[in-house]
Amino acid sequence: MADRVTVIGWDGSPLTDAARAALGAATLVAGAAHHLALPEVPPAAERIRLGSVALAARRIAAHRGTAVVLADGDPGFFGVVRTLRDPEFGLEVEVVPAVSSVAAAFARAGMPWDDAQVVVAHPRTLRRAVNVCRAHTKVAVLTAPGAGPAELGLLLEGVHRTFVICEELGTEREQVSVVTSDKAPDHTWRDPNVVIVIGGRPGTPESGGWIAGRDPAAVPRGWTLPADGDLGEGETEPLRAGQLARLGPRVGDLVWDIGCGSGAFATEAARAGAAVLAVDRDLDACARTDAAARRHGVQMQIVHGTAPQVLENLPEPDVVRVGGGGAAVVAAVADRRPQRIVTHAATRDAAERIGRDLTEHGYQVQCALLQSVELDTRTWTETERSVAFLLTGVLADRTP
């Protein structure tokens, strides 16, 4: 095992005395090509070109001597430190940090970033990173080959954002470009880069000045918002709470709300940090949903059209609420294989038909009969009663 492993962050600035001393004593140096070309790398040291960090960690673990790993930015922030410290390799590391590439990108843009979401986009996580960009007004994306600005722009079709693209930060080839998301696919971008994605409707401030991200005090307490105006039969507060509990929308998800009605459910899902596509054939419903989103300071995309036809060109969902359209729409949604589907039925016959369709599509089906009674607490008399079958389909072979 290596006698000592030092991880040095590099942001283009001259190396610190501590970094120079560690590098000068190294018998093995791992890093990207531009790191290994630094004049401070000892000529006699073994050199490892960093591709797979895990593979490099195995070679470092087998090395007898002093190892140094060079990495861009702060190596403890979405960097190599996590892999090197994995128990599989048994390495103990010392870290000489540098300015993270995210901090550097926001500095180049002259923007604060305590209110930003930060995500990593690889080809396997690109869709989830895009969903975060749909749902939030300020996001920093650490990109990878095959998951860069062009791919981000393509998947954000229909959602206007501004990209601040920072290429090769800290090097002589550093370049900062500002383009709209729809123009990003028209260019070829150099790796690595950081993309700051900004835009969306003005809403509740993301930071209250004491916590990174959105201030929790800006979000009303409670699992469901109080009824606001006339609600459809599938939008009563108890049923909506059950739908939300069964779907569990979260950051990185894309939620379809089909038959969005008043916008109550779509707004709740967006409050959870998910990206939301709200669909309705009624223009008035679309307008109500837009007003609800503005009122509560959340981002969502509203699509006017009739399901199931309008669903064909929508991006792939993670979870779906079917608030209208019945069994035909549920079957069309199941064809797209979201991980969870929730809907309701007014009668047992309708519930059984939907349940059979979901089962035939490979979903595990749950059904509960929900009854709620509203009472006037001045006289403790009944004011409203609602009954609905709550159906949930879960696709067991898809990662939650």
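The values are calculated or read from the model by the stated rules, or taken from the named source; none is laboratory data. As the structure is a computational prediction, the values presented were derived from the model and not from experiment. Don't worry about glycine lacking a Cβ; one is built from the backbone with ideal geometry, like all the others, and counts go over all protein chains shown. Side chains are part of the model used for accessible areas, which takes the heavy atoms of the whole protein and leaves out ligands, DNA and RNA. Shrake-Rupley method; radii C 1.70, N 1.55, O 1.52, S 1.80 Å.
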From the phi angles alone, apply the Karplus equation (6.51, -1.76, 1.60; θ = phi - 60°) to the range 256-266 and give each ³J(HN,Hα) in whole Hz, x where the residue is Gly or Pro. 9, 10, 9, x, 6, x, 7, x, 5, 5, 4
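Sum up the charges of everything whose Cβ sits under 10 Å from the Cβ of residue 167, counting Lys and Arg as +1 and Asp and Glu as -1, but leave residue 167 out. Could the numbers behind the result be given before it?
Working: positive: 173, 190; negative: 168, 174, 191.
Computed value for this residue: -1.
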Percent accessible area from carbon and sulfur atoms, the range 78-228, protein chains only, probe 1.4 Å: 54
Taking the Cα atoms of the chain alone, what are Rg (to one decimal) and Dmax (as a whole number) in Å? 25.6, 89
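Which whole-number value in Å³ per residue fits the convex hull of the alpha carbons of the range 27-140? Intermediate results must be reported in sequence, preceding the final value.
Numbers: hull volume 15.0 nm³, N = 114.
Once divided by residue count, the hull of the range 27-140 is 132 Å³.
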Residues meeting the amide H criterion for residue 6 (H placed from the backbone, H to H distance under 5 Å, 5 or more places apart or on another chain) are 67, 68, 69, 94
Tally up the carbon and sulfur contribution to the accessible surface of the range 267-400 as a whole percent, 1.4 Å probe, everything protein left in place. 47
Nonlocal amide H pairs with residue 252, under 5 Å, H built at 1.01 Å: 132, 275
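Convert 37 °C to kelvin, take the viscosity as 0.692 mPa s, use the Kirkwood radius over C-alpha pairs of the range 9-82 as Rh, and evaluate the Stokes-Einstein diffusion coefficient in µm²/s, rounded to a whole number. Could you put the intermediate results ahead of the total?
Working: Rh = 12.4 Å.
Diffusion coefficient, whole number: 264 µm²/s.
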Please compute the per residue accessible area over the chain with all protein chains in place, 1.4 Å probe, rounded to a whole number of Å². 48
Across the range 156-164, in residue order, what do the Karplus-derived ³J(HN,Hα) couplings come to in whole Hz, using 6.51 cos²θ - 1.76 cosθ + 1.60 with θ = phi - 60° and x for Gly and Pro? 8, 3, x, 10, 7, 9, 9, 9, 9
HN-Hα couplings for the range 38-54 via Karplus (6.51, -1.76, 1.60; θ = phi - 60°), in whole Hz with x for Gly/Pro, come out as 4, x, 6, 6, x, x, 8, 6, 5, 10, 10, 6, 6, x, 7, 5, 4
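Calculate the translational D of the range 312-368 in whole µm² s⁻¹ from Stokes-Einstein, where the hydrodynamic radius comes from the Kirkwood formula applied to all Cα pairs, the temperature is 10 °C and the viscosity 1.306 mPa s. List each step's numbers first, then the result.
Working: Rh = 11.5 Å.
Stokes-Einstein gives a translational diffusion coefficient of 138 µm²/s.
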Helix-only CD estimate at 222 nm, as mean residue ellipticity for the chain, using -39500 (n - 2.57) per DSSP H run (n ≥ 4): -7500 deg cm²/dmol
Antiparallel DSSP beta bridges within the chain, percent to nearest 5: 50
Provide 390, 283 ordered by accessible surface of protein heavy atoms (probe 1.4 Å), highest first. 283, 390
Over the chain, what is the relative contact order in percent, taking alpha-carbon pairs closer than 8 angstrom and at least six residues apart? 11
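So what is the diffusion coefficient of the range 192-341 in µm² per second by Stokes-Einstein at 25 °C and 0.890 mPa s, using a Kirkwood Rh over Cα pairs? Could you put the intermediate results ahead of the total?
On the way: Rh = 15.9 Å.
Answer, rounded: 154 µm²/s.
In a shell of Cβ-Cβ distance under 12 Å around residue 332, excluding residue 332 itself, what net charge do Lys and Arg (+1) and Asp and Glu (-1) give?
Combined, the nearby Lys, Arg, Asp and Glu give -1.
Would you list 300, 111 from the most to the least accessible area, probe 1.4 Å?
Sorted descending by solvent-accessible area, the residues read 111, 300.
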